[in-house]
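> Just passing along the structure, written as structure tokens.
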Amino acid sequence: MLRIARGQIGRAIVGVTLAIIAGVVLLGAILLITDGLPAALLAWSGAATAAILLVPMLLRRRFEAGEPLTLALLAVLVGVTLKAPYVYLSSNDPVVRGILLDLKPPDLLAGMTLILTGMAALSAGYLLRLPRWRLRGGLLASRTELRPLRFAVTSLLVMCAAGVAMYLFVSEFGLVLAGAGLDELSGKRFLDLEGSQFRAALGYHRWAISLAAILFCVAYGWSLRQAGARRLLCLAVATLAGAVAVGFAVFSSSRGSFAMLVMAALLITYYMRRGVSLAGATAVAAVTVVVLVGITVLRPARSDADWDRVDVAGEFAAITVGGRHFLDLGKTTHVVRAVPERIPLQYGRTLVTWAIAPVPRFLWPAKPAVGVGPLLGQQVYGTGLRGGVPPGFVAELYLNFHVAGVVLGMFALGIALRFLYESCRTELLAGNPNVVALYAMVAQTASIHLLTTDFSKFVVELLTQALPLLLIVALIAARSRDARTAP
């Protein structure tokens, strides 16, 4: 079976990115002839945005494919670089209209310029190497001896909590899964509350269910380090926890949660196995595409879809390049055009709403929205306050502090991402399952998730991932002899 070593994966990512950039540049030349200079500039600017993120990769000798910058590059390639020619060349008119709304394709240059500025600042920050936080001797780095009985009991308790939360969540919508139709199996799940202008997301139910995904990362990481009965125990727990996490992602129509779980598994394999199997990665990619398209087609709005006629490739392009995920060029442009005429500068207000997230909405029906999504949904997309559209971090920084906020905020993000990786690097390369599991989740949250949503949602996600994982590690593993005898 062909395996790709870690160093080869890094070089392959750079090579594939350069090929995509070259292809987009060529498409820009074609668009120059068919649609004029603005179309070509849009495509070439998208290529330049990806090229800027390649600079730190090319300048550093020890660049690793698993670094957060690679995840940020993925968000740019899908949401910006490929989207520029997509709006001109796609035959999927409804998707293109969803991107543009009342804009013309050349108008996207405003958002492209802002994103280009932000990525330049992020790359500059990532090139700075500050003193790292040494993990050696800490909880994650030192607890490297698995205790099977503790692991089994802790896993049972976590799965019980997730199972009960799943049952209560489903019951809130009056569904009986055994008798549900296809159009009821997947959909955005929110409750209307009397006296509240926002819908309740049942955040504590979702958090308890998300413990299954956290347990999956921990168990899967440990399974790649163990042998014999311990390995079988870890694999059994990882399989069960993964099944619950995937099942809830389908039920709640959360394509992002499913994709992030798959990405976490790939990152864990990458560091624990010092590479990945080409056949295995290809199979995982194929299954991921099918599941993401399936979640989309199962939504109530698509319940009349003919499964035999579903264009998997077209649907996948529509929900990735044509969607509002990743660092989206369309959303960024709409925010640039809306500020300050339709939406006044927020001066940091949207960056601190995470502080009220722990208060349940049924206790505080008038609680403001956590994040800026409902504001953008009402003012730009016409979805009202009950249908939020997160702007992405670049657009949120612009919404709060204009261009200066984008430059300083993205520069700080670049520093933070480099600090995260350098702090974890030694333990990652050593295959410490605790650090690998935490990194696999946090690196995604701090890069793709933050660039896609907004800062307050990022803080909530970060805390609800990291704190339970630290507790689980403290319960299932003991300090190694080396750590106990270290001075």
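> Rounded to the nearest 500, what is the chain's calculated 222 nm mean residue ellipticity when only DSSP H runs of at least 4 contribute -39500 (n - 2.57) each, over all residues?
The per-residue figure over the chain is -21000 deg cm²/dmol.
> I've got another one for you. Give Lys104/Lys331; Lys104/Lys457; Lys83/Lys457 a once-over and call out the pairs whose C-alpha atoms are over 20 Å from each other.
Listed pairs above 20 Å: Lys104/Lys457; Lys83/Lys457.
> Which of the peptides 4-10, 58-64, 162-168 is most tightly packed, and how do the rest follow, judged by the mean count of other Cβ atoms within 10 Å per residue?
162-168, 4-10, 58-64
> While we're here: Among the helices of the chain (complete DSSP H runs), which have Cα atoms covering no less than 18 Å along the helix axis and a Kyte-Doolittle mean of at least 0.5?
6-34, 37-59, 109-127, 148-172, 203-223, 228-251, 255-272, 278-298, 393-430, 455-476
> Another one. If we sort 210-219, 267-276 on the protection proxy, mean other Cβ atoms within 10 Å, highest first, what's the order?
210-219, 267-276
> Quick one: which residues, 5 or more positions from Val276 or on another chain, have an amide H under 5 Å from its amide H? H modelled 1.01 Å from N in the peptide plane, none for Pro or chain starts.
For Val276, whose amide H was placed from the backbone, the distant partners under 5 Å are Ile4.
> What order, most packed first, do the peptides 423-430, 145-152 have when packing is the mean number of other Cβ atoms within 10 Å of each residue?
So the peptides 423-430, 145-152, ranked by packing, come out 423-430, 145-152.
FYI, it's all coordinate maths here, none of it is from the lab. Quantities reported herein were computed from a predicted structural model and do not represent experimental measurements. Glycine gets a Cβ as well: all are built from the backbone with ideal geometry, and neighbour counts include every protein chain shown.
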